[in-house]
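The values are calculated or read from the model by the stated rules, or taken from the named source; none is laboratory data. Since this is a predicted model, take the numbers as computed values, not measurements. Positions of Cβ are backbone-derived with ideal geometry, glycine not excepted, and every protein chain shown enters the neighbour counts.
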Amino acid sequence: MSAPSQRAVILGGNRIPFARSNKQYSKATNLDMLTSAIDGLTARFGLAGERIGEVSGGAVLKHSKDFNLTREAVLGSALAPTTPAFDLGQACATGLEAVVSLNNKINAGQIESGIASGVDSTSDAPIVIDDSMREILLELNRAKTMVQRAKIAAQIRPAYLAPQAPSTGEPRTGLSMGEHQAITTAEWGITRRAQDELAVASHQNLAAAWDSGFFDDLTTSYLGVSRDTNLRGDSNMESMAKLSPVFGKRLAAEATMTAGNSTPLTDGASSVLLGSEDWAAEHGFTPLARLVDAEAAAVDFVDGAEGLLMAPAYAVPRLLARNGLTFDDFDVFEIHEAFASTVLSHLAAWESEEFCREKAGLDQALGSIDRDKLNPLGSSLAAGHPFAATGGRIIATTAKYLKTTGKKRSLVSICAAGGQGLTAIVEAA
Amino acid sequence: MAESMFPVYGRALLKTLPIGARTSPELPERSIDRSVPLEPVAYAGFAHVIRQTLGDTVHPGYLHILAFPLSMQLLADPEVPLPMLGMVHIHNRVDMLAPVHLGDVVDYHLELAGPFEHTKGTTIEVRVDAKVDGRPVMSEVSTYLAKGRKLPGAESKAQVPHAQFDAPQQTALWRLDPIIGQRYAQVSGDYNPIHLNGLAAKGFGFPRQIAHGMYTASRALSAMDPRLDAYRWDVSFAKPILLPGTVGYALTEGQRHEASRSAVFDLKSGKPHVLSQVAYLEK
C-alpha cells in the first residue's frame, strides 16, 4: 500500500478529435463538446449511472450563461445526476489544473474518483458589446420611470452597437500572445529553421501515433471527425519554409513565427479519469500512471521584464528541486507547443547558465533535453490547441505512453496567458 | 456625470470672435474656490474608462477633471488676454501630497499664473490647490500654450527642456477607437468638440478627431500604477493621438509601482504622444 498522499492514479482519458476553428465544430457549443468528451469516457469505462466523486472542468472562452458549464455537462451526460462538478480557470493551464486539483482531492481522501475535463470553442465564441452600451443597458435596467429610461436611451450612439469578439490579447498589454512570444523569440535568438523543425516533428510524431492506433482508446469521433483536423502528416521543411511570418513584424529582429510554427485556433474537449487505487481495483481498472507533484509559476511580463510565456522555465527548476530530480531522471518531456518558439525558448533558458543562475536561482544550468524524448507523440502544433482541453490531452497521452512503453517518468509543462505556467511530474503506476 | 462644460465652451467660442477689446496683457486677479464631494458612481465611470481598477483611493486624473471646468471658467474670462479655444495643454504637474478617498469632500482653490514667455508663443498656468478637511492633498499646475501669440508683458520662465526621445520597444498596444473620445467626455465633462467630432477637429487643424490628452496621461498613470503615498506626476503632451489609432506604451525608466517614466508613442514614426514621470515626493 502506498503512502496516503500517493493514492491517486490516472486511469485513462477521452477526447474528441480537435478541429480547426470555424470548421466541423463551428456549430458545437462548449457544453456540447464537453458533454461528448465526458460521455465517451463514461462509455469506455462503463460508468453510466455511476456517481463520480467530482468532475472538474473549464473553458477559457466562456459564455456568461455557462457559469456552471461542467455541472451542466454532467447533467447532460450518462453519469449519475448526483455527480457534483465545479468549474475552474487558469487560462491554457485550465485542463492541467483540473487534473491536479482532483488528484489532490483524491490524495487528501476527500473523493475516491474524479473526471478532469476542459473544453474550448473559438468558433462559438462569446461576443460582447461595447462597455458604453453595456453601461447604458444596465442603467436602463435600473431605471424606474419612463422619463429616466428615455433619458438613458438617448445616450445610445450607433458606434456603441458594434459587437466585440474575444481576442487572444493580454488585457494589460493589448498585445496578442503571438506578438508577446515574438519578443521572447527575438530575445532568445530562436531561428526560423529550429521552429519549423519542431513543427514538422510535431506533425510527424502525431501522425505516426494516430497511424499506430495509439489514440484509439483515447478519442471518440465527433460530428464526423475521427482525427485532429489540423494534422498534416506530410508536413516537411519545404512546405513550412513557404509560409510567411505572421508575428513579430513590428520588431527590429527578423520575423520568424508563421502559421505553421504557431498553433491555430482550435475547437475541442478532453477528459481524464482519476481514481484512488482502491476505487480502481474495485472497478477492475488498470492504473496507467500517477501525477506525483505539480508546480505553478508566474512572471511579471506587464512591462516586459520577462516574456509572457516564460513561466514554465521558472516552475520546472522548482519542481525538480522539490523532488530531487534532474532532467536525466525523465524519459519523456511533454512541453505544450503554444508556439514552436515557446518550447525552444524554454529549452534555451534551461541550457543557459545566465538564466538559471540569475533568474531561476540555481547554481548552474539545468541542462539540455534529449530531443527524442520531447513530445514523442506530437503536441499542440499538430493537434491544435483548444485552450482548456490541452491539459487533459497531454495527461492522458503521456500516462498511456508510460504504460505502453514501460518508461518511468514524464515532465509535463504548459504555459498560460497572464504570464503563468503549470508543470507536473507523471510517473508510471 | 461631471459638470457640463457647454456654457464655458460657448463663452470661449465667443471670445475667439474679433469683437470687444482686450487691451491689458495682465491676467485678471481672480480665483475660484469650490468644494466637490467625491462620488463613487461618477468616479467609477472615470476609473473604468482610464483602465484604473475601481478602489477607494481616487486617481489623480480625476482630481484634475473635477477642477477642469473651474479652470476653464478662469481661462474663459474675457479679461484673459489669450483665446481659450485653440490653447494647447502642453504640460501638467500634479503633486499628490496624500491619498484622496471616495467620500472625501475636496476643497479646491484655483488661480491663474502668467502669462509666461514660451519659444512657441505664450503660456498661462492654472494652479490648483486641493485640501481635504483643511489638509493639503494635491497641488497641480496645468500649462496651456497659446501658439504663435506673443504678449509684450509676459514674464520669462524656464521651459521644460525638450528631451531627445528614442522610441522603446512597446510593451503594450493601445487600440483607440473614436468612441473613446465620447466615453472620456462623458466621464470627465470635457466636451471639447475636437475630441468628439472629425469636422470640429478639422476646424482646429487636425486631420481627424483627437484623443483627450488627459485621457492618455491618466491611462498611462494607471499602467504605471504608483504605490507611493506622496509623489509628483509630471506629464508632457507632444503629438496629439488621432482617432482611431493604435499607439505603443512602454516604461522607459524605473519599475511599475515605483518612481518611473513612461512613454505613449507613435508606432511608425516613433514620435512621442505623452511622456510621463512619477517621482518620489518628500512630504
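Report the residue count in region A:41-68 for those that are crowded, with 23+ Cβ neighbours inside 10 Å and under 19 Å from A:P386 (Cβ atoms).
Counting residues in region A:41-68 that are crowded, with 23+ Cβ neighbours inside 10 Å and under 19 Å from A:P386 (Cβ atoms) gives 7.
Identify the single condition in (1) at the interface with another protein chain (Cβ under 10 Å from one of its Cβ atoms); (2) not in a strand (DSSP E or B) that B:L173 does not satisfy, given that it satisfies every other one.
Going through (1) at the interface with another protein chain (Cβ under 10 Å from one of its Cβ atoms); (2) not in a strand (DSSP E or B) one by one, B:L173 breaks only (2).
Got a sec? Which helices (runs of 4 or more DSSP H) wholly within region A:57-168 have at least 3 residues that are closer than 16 Å to A:N30 by Cβ?
In region A:57-168, A:69-76, A:94-107 are the helices (runs of 4 or more DSSP H) which contain 3 or more residues that are closer than 16 Å to A:N30 by Cβ.
Of all residues in region B:53-98 being part of a helix (DSSP H, G or I) and of a type outside the set (A, V, I, L, M), which is nearest to B:K120 (Cα to Cα)? Can you show your working first?
Applying the first criterion (part of a helix (DSSP H, G or I)) to region B:53-98 yields B:60-75.
Next cut, of a type outside the set (A, V, I, L, M) only: B:60-62, B:64, B:68-69, B:71, B:73.
Working: B:P60: 29, B:G61: 27, B:Y62: 29, B:H64: 25, B:F68: 24, B:P69: 26, B:S71: 22, B:Q73: 24 Å.
Step by step, filter region B:53-98, then rank; the result is B:S71.
Is there a residue in region A:98-107 that is touching a Leu at 6+ places or on another chain (Cβ under 8 Å) and charged (D, E, K, R)?
So in region A:98-107, the residues touching a Leu at 6+ places or on another chain (Cβ under 8 Å) come out as A:98-103, A:106.
The next check asks that each one be charged (D, E, K, R); those that pass are none.
Scanning region A:98-107, I find no residue that is touching a Leu at 6+ places or on another chain (Cβ under 8 Å) and charged (D, E, K, R), so the answer is no.
Pick from A:F327, A:F301, A:F355: which is in the same structural domain as A:L402 (by TED's automatic domain parsing) and under 15 Å from A:S413 (Cβ atoms)? Steps first, answer last, please.
Numbers: A:F301 fails: under 15 Å from A:S413 (Cβ atoms); A:F355 fails: under 15 Å from A:S413 (Cβ atoms).
None of the other options fit; the residue is A:F327.
Going by the conditions given, is B:L199 away from every other protein chain (no Cβ under 14 Å), part of a helix (DSSP H, G or I) and out of contact with any helix residue (DSSP H, G or I) (no Cβ under 6 Å at 6 or more places or on another chain)?
yes
Please identify the pairs in which a residue from region A:186-197 that is within 17 Å of A:R250 (Cα to Cα) has its Cβ atom under 6 Å from the Cβ atom of a residue that is of a type in the set (S, T, Y) and part of a loop (DSSP other than H, G, I, E, B), counting only partners at least 6 apart or on another chain.
Pairs that qualify, where the first residue is within 17 Å of A:R250 (Cα to Cα) and the partner is of a type in the set (S, T, Y) and part of a loop (DSSP other than H, G, I, E, B), are A:R192/A:T256.
Check A:L79, A:L61 and return the single one that is under 21 Å from the mean Cα position of the chain (by Cα) and on the phi < 0 side of the Ramachandran plot. Walk me through it before giving the result.
Working: A:L79 fails: under 21 Å from the mean Cα position of the chain (by Cα).
A:L61 is the lone residue from the list that is under 21 Å from the mean Cα position of the chain (by Cα) and on the phi < 0 side of the Ramachandran plot.
Does A:I335 qualify as being modelled with pLDDT of 95 or more, under 20 Å from the mean Cα position of the chain (by Cα) and among the hydrophobic types (A, V, I, L, M, F, W, C)?
Working: modelled with pLDDT of 95 or more: yes; under 20 Å from the mean Cα position of the chain (by Cα): yes; among the hydrophobic types (A, V, I, L, M, F, W, C): yes.
For A:I335, the condition - modelled with pLDDT of 95 or more, under 20 Å from the mean Cα position of the chain (by Cα) and among the hydrophobic types (A, V, I, L, M, F, W, C) - is met.
Tell me which residues, restricted to region B:120-139, are among the β-branched types (V, I, T) and within 27 Å of B:M84 (Cα to Cα). Don't jump to the end; show me each part of the working.
Pass one, region B:120-139, residues among the β-branched types (V, I, T): B:122-124, B:126, B:128, B:132, B:137.
Result: B:T122, B:T123, B:I124, B:V126, B:V128.
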